[in-house]
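Report on the structure given below.
The values are calculated or read from the model by the stated rules, or taken from the named source; none is laboratory data. The shown structure was predicted, so the numbers you read here are calculated from the model rather than taken from an experiment. A quick note on method: Cβ atoms are made from the backbone with ideal geometry, for glycine too, and the neighbour counts reach across all protein chains shown.
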Amino acid sequence: MVEIDDLTKDYAARRVVDGVSFTVGDGEIAAVVGPSGSGKTTLLRMINRLIEPSSGSVRIDGKDTRAVPPHVLRRGIGYAIQGYGLFPHRTVAQNIATVPRLMGWARARIDARVDALLDLFQLPAAEFRHRMPNSLSGGQQQRVGVARALAAEPNVLLMDEPFGALDPIIRTKAQSDLLAIQRRFGTTIIVVTHDIEEAIHLGSRIAVLDAGKLVQYATPADVIARPATPLVAELIGGDRPFRLLSLGKVVDLVEAGPASGEPIRADASLRDAYAELLWTRRDVLPVIDATGTVVGRIRRDAITVRAGAPS
Amino acid sequence: MRRATSPEAPEVSAIATTARSRLPFDKLGVLIAAMAGSAAFLPFATFRVNRIVLGEGRALFAALPFGEAAFLAIAIAAGIVLAVSKTPARWRLAVSLAILVALCVAIGHASTFLTPPGDRMARVSPGSGFWLSIFAFALLAADAIVRLKLAPIVRIGILAAVALFLALLLASGTLSDLSILREYANRGDTFWREARTHLALALGSLAVAVVAGVPLGIVLHGRRGWRAPVLSVLNVIQTIPSLALFGLLIAPLAWLAANVPLAAALGISGIGAAPAMVALFAYSLLPVVANTVVGLDNVPPAADDAARGMGMTDWQRLVGVQLPLSFPVILTSIRIVLVQNIGLATVAALIGAGGLGVFVFQGIGQSAMDLVLLGAVPTVALAFVAAVVLDATVEMASTRSARRGRD
Ligand SMILES: Nc1ncnc2c1ncn2[C@@H]1O[C@H](COP(=O)(O)OP(=O)(O)OP(=O)(O)O)[C@@H](O)[C@H]1O
Ligand SMILES: [Mg+2]
């Protein structure tokens with residue numbers, strides 16, 4: 001759990017982060033969004049004390065971050081950044097082993113952990129362990145960066161635009177990989193992003209910063225449905241119905257009844273189902289589960305109701 | 001801007017390539033041929049009745065028995081043809097090295113041939129034709145090595161082979177009748193002593209400069225405000241002529257020796273090794289400090305930030321990330337300083353520090369050019385070896401990560 005309490009940062013006369021408070025529960029993902037210069041990076045870097053707050057405090061699992069020296073604090077918090085920051089003179093394995101080595105793990109334990117992480121990130125250990133970072137593709141470097149951040153099994157992971165440099169297809173894949181790994185380890189994640197779509201996809205909650213102030217901290221559905229300020233509404237943009245639909249799953253609206261034609265999977269998003277209905281000019285779709293068995297149908301009308309503003 | 005022009009670049013270079021390949025000659029080869037050709041009209045060796053009189057030049061065919069002279073002439077002519085025409089670099093390297101070997105053996109034979117039997121006074125030294133030919137074919141070899149893009153380790157291997165060949169040639173006695181080796185024979189033990197002193201001055205001042213300069217560079221990297229003043233002071237030192245700096249240090253060090261017993265006990269005095277070391281150290285400082293700062297500045301900011309963010313202490317970050325990543329740049333400064341110091345240490349002989357400069361200045365004093373060469377040739381050779389070895393090392397250090405990535 002990460003509790004951020006009245007955190008403020010002043011540079012000369014400028015207040016860059018202004019009294020921000022919010023709490024990220026265990027195993028939650030908080031996505032921090034906001035315009036450029038709104039203080040997202042500064043906020044994130046105050047959590048692991050790469051930047052010392054001017055005032056306010058941060059508690060991680062109940063413990064004040066000022067209770068230990070900064071370098072000790074940082075070894076317990078995962079840190080992944082845009083550009084990845086891999087060490088070009090060290091192999092992939094050495095990069096991933098950075099924090100375990102700083103923490104003095106035994107050799108065998110480090111090796112086992114590195115191999116496990118490489119396999120988890122679909123980088124076969126035998127092939128990638130001894131590669132140098134500059135011989136990897138951007139997507140591979142990104143995965144090594146996150147693997148390195150998770151190497152010492154931190155409870156909390158901080159990420160600053162971790163997918164910013166990836167092309168859209170690899171980016172979507174990296175996001176779902178991150179979600180899968182997060183579910184597996186139960187890591188609490190605070191991720192800064194420019195991309196509202198990414199924030200909606202990843203975040204259990206979204207924190208919106210505007211000129212250093214936290215203007216909204218709520219679930220994606222709430223942020224879309226009830227933007228707290230005009231800036232939040234502008235960030236969400238005119239696609240609100242579709243963003244809402246992208247949050248829901250077909251399984252939420254499945255009902256009994258007949259339907260014909262190409263079916264849709266129960267775990268697809270409502271947005272995909274709606275697109276399929278429009279494209280094939282149908283009013284109902286058969287719904288199947290992961291094994292291919294028909295479990296019911298979904299109606300266009302039901303989806304349309306879900307896409308409207310909450311009353 | 002770059003994006004706009006880059007599509008045209010391949011076209012431009014393609015045109016340039018075709019234009020170049022239409023020329024039937026190799027451009028540098030023509031220059032080398034001109035040098036080697038004109039060398040034929042210059043004396044191959046110089047003969048003097050004794051070491052200080054003016055010499056008379058001897059053309060190639062007068063300096064060697066006919067058969068050997070003809071062989072060398074044909075070899076050089078073949079080399080010229082090869083240099084001018086477009087030939088594979090491997091051939092150019094092999095032939096130029098072979099001709100260099102032939103030239104070295106021939107000058108030894110010429111000295112024996114020209115010296116009247118039993119004459120200990122007569123001197124035979126390489127003539128301008130010999131030097132020009134050596135230069136021309138050394139250039140051809142160097143150019144071929146560049147074109148072959150040889151791996152650094154192979155370049156060091158070639159250098160070692162050349163050094164071994166020269167050592168064997170010297171040991172075989174083939175060159176013993178050459179004037180420079182006559183001078184050597186007269187001062188064999190002083191030569192090695194001065195050579196050791198020379199190396200000690202150059203390497204010692206370099207070591208001190210690295211030990212002091214790298215930490216200073218690290219401090220300056222952290223404090224931008226101090227950078228400009230410190231670097232400009234070091235810059236000013238660089239502009240002081242070497243002789244003046246050596247001279248300037250005599251007074252303060254003499255005072256130190258006279259007034260601080262410890263200094264005197266350490267052997268510090270106004271003349272000799274102390275001012276020479278200090279002066280060489282002062283010259284070395286700017287390259288080392290400046291390159292350390294530049295190297296640290298060029299560490300990728302993301303890697304540095306990640307190192308901090310993952311909980312490295314400042315010391316761990318410096319030793320584990322910043323210094324390894326700036327190592328190639330720092331090594332480049334060591335190369336610059338070593339080559340520079342090997343040259344500058346010659347001047348140190350003037351203030352009694354010893355070194356190979358001793359022979360240069362004695363030779364000038366006695367107007368004995370052979371003695372000057374006894375000091376100058378090894379100095380140039382040392383600087384050359386240092387440059388080749390360190391260039392190769394710099395290249396290995398900076399491509400290490402790329403190479404390991406390919407494995
Ligand atoms: N060291 C510093 N000194 C002075 N001002 C700073 C410093 N670091 C950041 N700032 C200012 O603080 C503000 C917030 O910066 P920050 O990097 O946190 O923004 P951000 O939301 O991450 O922006 P972006 O989306 O562009 O990354 C900016 O106006 C920036 O210029
Ligand atoms: Mg930022």
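Quick look at the numbers
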{"item": "Residue in segment A:163-181 that is within 16 Å of ligand 1 (Cβ to nearest atom) and more than 14 Å from chain B (Cβ to nearest Cβ) present", "result": "yes"}
{"item": "So B:Val278, is it within 14 Å of another protein chain (Cβ to nearest Cβ), β-branched (Val, Ile, Thr) and surrounded by fewer than 20 Cβ atoms within 10 Å (Cβ to Cβ)", "result": "no"}
{"item": "Identity of the residue in segment A:21-43, closer than 16 Å to B:Gly309 by Cβ and surrounded by 22 or more Cβ atoms within 10 Å (Cβ to Cβ), that ends up nearest to ligand 1 (Cβ to nearest atom)", "result": "A:Lys40"}
{"item": "Of the criteria (1) within 14 Å of another protein chain (Cβ to nearest Cβ); (2) under 24 Å from the mean Cα position of the chain (by Cα), which one B:Ala306 fails", "result": "(2)"}
{"item": "Matching residues in segment A:146-204 - criterion: being away from ligand 2 (no atom under 16 Å from the Cβ) and part of a loop (DSSP other than H, G, I, E, B)", "result": "A:Ala151, A:Ala152, A:Glu153, A:Pro154, A:Asn155, A:Leu166, A:Asp167, A:Gly186, A:Thr187, A:Gly203, A:Ser204"}
{"item": "Sole exception among (1) closer than 29 Å to A:Gly39 by Cβ; (2) within 14 Å of another protein chain (Cβ to nearest Cβ) for A:Asp61, by number", "result": "(2)"}
{"item": "Pair list, Cβ under 9 Å, 6 or more apart: segment A:224-245 residue at positive phi, other residue crowded, with 16+ Cβ neighbours inside 10 Å and in a helix (DSSP H, G or I)", "result": "A:Gly237/A:Ile196; A:Gly237/A:Arg243"}
{"item": "Residue within segment B:248-260 that is out of contact with any strand residue (DSSP E or B) (no Cβ under 9 Å at 6 or more places or on another chain), among the small types (Gly, Ala, Ser) and surrounded by 15 or more Cβ atoms within 10 Å (Cβ to Cβ) present", "result": "yes"}
{"item": "Any hit, segment A:246-263, residues being within 22 Å of the chain's Cα centre (by Cα), among the basic types (Lys, Arg) and assigned by TED's automatic domain parsing to the domain that holds A:Thr304", "result": "yes"}
{"item": "Residue match in segment B:282-290 (condition: more than 21 Å from B:Val339 (Cβ to Cβ) and hydrophobic (A, V, I, L, M, F, W, C))", "result": "no"}
{"item": "Residue within segment A:61-69 that is in a strand (DSSP E or B), within 16 Å of ligand 2 (Cβ to nearest atom) and either out of contact with any helix residue (DSSP H, G or I) (no Cβ under 6 Å at 6 or more places or on another chain) or in contact (Cβ under 8 Å) with a residue 60 or more places away in the chain (or both) present", "result": "no"}
{"item": "Residues of segment A:191-224 satisfying the condition of being farther than 20 Å from A:Gln82 by Cβ and either surrounded by fewer than 16 Cβ atoms within 10 Å (Cβ to Cβ) or in contact with a helix residue (DSSP H, G or I) (Cβ under 7 Å, 6 or more places away or on another chain) (or both)", "result": "A:Asp210, A:Ala211, A:Val215, A:Gln216, A:Thr219, A:Pro220, A:Ala221, A:Asp222, A:Val223, A:Ile224"}
{"item": "Filtered residues of segment A:264-296 (kept if surrounded by fewer than 18 Cβ atoms within 10 Å (Cβ to Cβ), among the basic types (Lys, Arg) and under 30 Å from the mean Cα position of the chain (by Cα))", "result": "A:Arg265"}
{"item": "Qualifying helices (runs of 4 or more DSSP H) (wholly inside segment A:209-286; at least 2 residues being within 30 Å of A:Thr8 (Cα to Cα), away from chain B (no Cβ under 14 Å) and away from ligand 1 (no atom under 16 Å from the Cβ))", "result": "A:220-225, A:230-236"}
{"item": "Among (1) under 26 Å from the mean Cα position of the chain (by Cα); (2) within 10 Å of another protein chain (Cβ to nearest Cβ); (3) free of Cβ contacts under 8 Å to residues at least 60 places away in the same chain, the one test that A:Tyr84 misses", "result": "(3)"}
{"item": "Meets criteria (within 30 Å of B:Val388 (Cα to Cα), at pLDDT below 95 and within 8 Å of chain A (Cβ to nearest Cβ)) for B:Leu325", "result": "yes"}
{"item": "Residues of segment B:335-350 that turn out to be surrounded by fewer than 20 Cβ atoms within 10 Å (Cβ to Cβ) and more than 20 Å from B:Val385 (Cβ to Cβ), as a count", "result": "1"}
{"item": "First in segment A:27-52 and within 13 Å of chain B (Cβ to nearest Cβ), second anywhere and of a type in the set (S, T, N, Q) and near ligand 2 (Cβ under 9 Å from one of its atoms), Cβ under 8 Å, 6 or more apart", "result": "A:Ile51/A:Thr42"}
{"item": "Considering residues of segment A:38-60 that are among the aliphatic types (A, V, I, L, M) and within 16 Å of ligand 2 (Cβ to nearest atom) only, the residue farthest from A:Asp18 (Cα to Cα)", "result": "A:Leu50"}
{"item": "Residues that are buried (at least 16 other Cβ atoms within 10 Å of the Cβ) and either part of a helix (DSSP H, G or I) or among the charged types (D, E, K, R) (or both), drawn from segment A:126-135", "result": "A:Phe128, A:Arg129, A:Arg131, A:Pro133, A:Ser135"}
{"item": "Single condition A:Leu123 does not satisfy, out of (1) within 12 Å of chain B (Cβ to nearest Cβ); (2) among the aliphatic types (A, V, I, L, M); (3) part of a loop (DSSP other than H, G, I, E, B)", "result": "(1)"}
